[in-house]
Structures are given as C-alpha cells and as structure tokens.
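The values are calculated or read from the model by the stated rules, or taken from the named source; none is laboratory data. The shown structure was predicted, so the numbers you read here are calculated from the model rather than taken from an experiment. These accessible areas exclude ligands, DNA and RNA; they are computed on the full protein's heavy atoms, side chains included. Shrake-Rupley method; radii C 1.70, N 1.55, O 1.52, S 1.80 Å.
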Amino acid sequence: EKPVKEAPQPSKSLESPFVPDPVPTKTAIFREEMAEFWTWLQAAIKEPTSSVYTDKKHSYTAFALLTIFSATSFFFSIYHIKQAYYGHMAAIDSKALQHFPSLNLFSIFSILVATSLFFFSILMGGFVVKRFVDQDRNWTLEKALQEYSRLFALPILLTGIASFFAFFNSLRFAVLLCLISIGLVLLANLYTISKPSKESQTDSFYRLLLAFLVNGSILFLFFLAEMALVFDYLRILAFI
C-alpha cells in the first residue's frame, strides 16, 4: 500500500503576528469628532483669547452651529408667536393674517441665509480691518476664522440653549439668551478690531477711528441685505 500523503502545513514563519485593527464605523467617527469638538469648545469658553492653534474643522463647525442655533431660535420664536397671537386675531378678523408673511420652506431658507450673512459680516469686517487698516499680512481669512470661532464659543452655548427653549415655546427666555449672545458677538468684534497691531504705522487714535468706520461700513452693507430677507418676520417678533 502506498502511504497517504499529508496535506502541506503552512509555515508558521509566514503567519503575521499582527491582527488588523477593525475599520471604524461612521457613527464611531462622528462620536469621536463630536467629543473632540466638545473638548475644544470647553477650552475656548475658558480661554477665548488664547493663541492656541484651532483645527480648521472646529472653526467651521463652530460657525455652522452658531448659525443653525441662531436661525432655529429665530424661526421657532416667529412660529409660536404667529400661532398664538395671530391665531387669536384671526378668530376676530379673518383678514388679519393676510398682512403678514407665511412660514414655509422659503422663510426657513431666508432666515438661515440672513443669519449666515450676519456672522459672515462680523468675520469679513474683522478681516478687512486687520489686513488693510492694521496692515497685518499674516492675518488671513483662515486666521480670522480661528480667532472669531474661539471668541464665539460662549454664544454657541447660549444660542444652543435658546433654540431648545424656543422649540418648547419659552420665548422670553430664548429671546433674552439670543440678545445676550448677539451682545457677546458684537463685543468680540469690538475686541478684535480695537486690538492694535505692531505692523500699523498710523497713530493709535486715527487707527481706531478708521477701524470703526471700515468695520461699520461693512456691517451696514450686510445689514441692508439681512433686513431685505427677514424684515417681514421681524414685525411678528414685535408682539412678543
């Protein structure tokens, strides 16, 4: 009888001693990024003027959240006021609602665009002042985004809370938080444009005067565009 040939055994020297790491899922990646952003946000709230390098994705996330929270607070405030006050007025006069805009997908888009323009005007005004008035060549749009995103850390938290209360019809508290947030945003802008630069050769008084004029002109031009988008909705907020 012929001996049965045994199957060749793989050499142990060819086996890899390393086990490949499992590929992270999209949910795990999203959770990790949110955890990193929350850590960054806490550090920015504690030290908003710190010169620590800010990751570009955190800056974009900060501006996106600030815009979304502010627009959400504004929209839900308008929605609840119109449902309550104008619902009562419509019961008395059926033509009362014809003079006010309806809330639809276009109104959501208009409010979102107007809110984005407001925060972009702050960013653009600070950039123009630092780059051309102060003549700081190192001040780019990316650096302006990093600086302002840290200064806007506390308004992000406040508008996030305000959007929560606006959703549940706690309008007075939501509006109060939004007003405080807007005040902090304007204060951050004032802090940025009033901070002198070593590169500027202009007298400090005239430099500050020019910074206010340039920044104010940019904010005013954007303000006109914002009012064109949301002026009709502001009339509803007047009855809060």
ask   = In the stretch 191-223, how many residues are under 25 Å from Ile111 (Cα atoms) and open to solvent by less than 90 Å² (accessible area, probe 1.4 Å)?
value = 6
key: Segments classed as helices (runs of 4 or more DSSP H), wholly inside the stretch 25-126, with at least 2 members that are at pLDDT 90 or above, on the phi < 0 side of the Ramachandran plot and open to solvent by 90 Å² or more (accessible area, probe 1.4 Å)   = 26-46
